[in-house]
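Let me begin by presenting the structure, written as structure tokens, before commenting on it.
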Amino acid sequence: MMLGLLELIVQWRFADDVRGIGFATATVTLFLLGAYGSVHALGVGPAPVYRYVNRWRVAGRIEDVASILRDGEGYPRWWRAVYLEARTVRQGDARRIGEVGRVRARGFLPYAVEFEVRVTDERFPHGYSLVTDGELQGKGEWRIEADGPWVDVESHWSLSGNKPLWRYTSFLLRPLFEANHHWTMRRGEEGLRLELARRVAPTAQARAAVAQAPGPVHGLGDTVRAFAEVLLHVGRGTTVRLSHTTLIRRPPQDVFAFIARVENDLLWQSEISEVTVTSNGPMGVGSTFREVRRSLGHSFVWEMRVTSWEAGRHIAIESVRGTVPYRGSREVAASPGGTQITEISEVQMPWVLQPFSRWIERASLAPVVAAYERLRLQMEAAEVSAPP
């Protein structure tokens, strides 16, 4: 499955030295303090309301997704960047309605919030509703639906904040606070994918091999990188879809056996420098592996999970962790003269790159074509062979 040029296009890399923004930071800080003092002196107006809808799509069983989202005390384990503490302070009824949890959380901005969450409705495995009180006040809802091997998750929030920072500066900083929320939700989707991979791992060793979700932001450099990521990903993006078909004059069983062994990608995809299978047992649904790709002097790490498998015919994967959300598949079919193999790759691009999506598709397809030509020449020359 090909990613090639896409990593460089969407990966924002910042130097460790951020002294160049020092003067701008000081200027903005003084301005905000002045604005805050002016509005605080007025002391008028209700707390602003923020409304959010976020959507995730992950591979897995709806029951697993629902149980992970419903276990509030588990959030600090898999949503580590956001949930610093979460504990149950009052039990609910048999359906857990009325359950109250106490939470301390943060985003990429340098403050934390403390609030309580009370469950008001339970529709397992299709979601639940809740209300919040404390420094965050409002209501929320999780909606969960199965779609074949995928699970679609929607979160709906209507919130206001009691912190003076929100109450008196939202007229100026609302876009920044909204960006903070969307960043936390991206960390949640990333963490959920990793937690699902741990759940389906067949052994303790395989579970331990699944990467940890990123932890909280530390320092100005992390904050700047997080904000730049938000600028790239907030908003409606576009999907770049690559498709390529190659005819290889070898039997279908040989072709599938070779391409289904992900370690063999090193032999015909020149941008891949390392492939490590991180799960035990034969390759199949739920298997995981790690790829390191090199492009223009930079390394990019991807954690992948097999989402569909039909021996001798079909394999599909999705990214658990990587630069952008990715899905890909390889399809093998008998054809006159040999085997036809079709690869389809889909990458969710940031909204800021939408005007360039056609160019990105064309530029990204070239290395795909070149890689499959290498595979064809190698297999037809019998330079590689399928494992017994």
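The values are calculated or read from the model by the stated rules, or taken from the named source; none is laboratory data. As the structure is a prediction and not an experimental result, all values here were calculated from the model. Methodologically, a virtual Cβ is constructed for each residue, glycine included, from the backbone with ideal geometry; neighbour enumeration extends over all protein chains shown.
Checked against (1) under 26 Å from Arg57 (Cα atoms); (2) surrounded by 15 or more Cβ atoms within 10 Å (Cβ to Cβ); (3) touching a residue at least 24 places away in the same chain (Cβ under 8 Å), Asn264 meets all criteria but (1).
Would you check if there is a residue in region 372-388 being within 20 Å of Glu318 (Cβ to Cβ) and at pLDDT below 90? No, region 372-388 contains no residue that is within 20 Å of Glu318 (Cβ to Cβ) and at pLDDT below 90. When you look at Arg187, is it closer than 30 Å to Arg70 by Cα and crowded, with 19+ Cβ neighbours inside 10 Å, yes or no? Considered against the rule, which asks whether it is closer than 30 Å to Arg70 by Cα and crowded, with 19+ Cβ neighbours inside 10 Å, Arg187 comes out as yes.
The set of residues from region 250-277 being within 22 Å of His298 (Cβ to Cβ) and among the polar types (S, T, N, Q) comprises Gln269, Ser270, Ser273, Thr276. Taken together, the residues in region 277-295 that are over 19 Å from the mean Cα position of the chain (by Cα) and crowded, with 19+ Cβ neighbours inside 10 Å amount to 1. The numbered conditions (1) more than 18 Å from Asn54 (Cβ to Cβ); (2) touching a Gly at 6+ places or on another chain (Cβ under 6 Å) are all true for Gly219 except (2). Reported count of residues in region 72-94, each being in a helix (DSSP H, G or I) and among the small types (Gly, Ala, Ser), is 2.
Taken as a whole, region 349-370 holds no residue that is touching a Phe, Trp or Tyr at 6+ places or on another chain (Cβ under 6 Å), at pLDDT 80 or above and outside the structural domain of Pro149 (by TED's automatic domain parsing). Screening Arg327 with (1) under 17 Å from Thr246 (Cα atoms); (2) part of a strand (DSSP E or B) gives one miss only, at (1).
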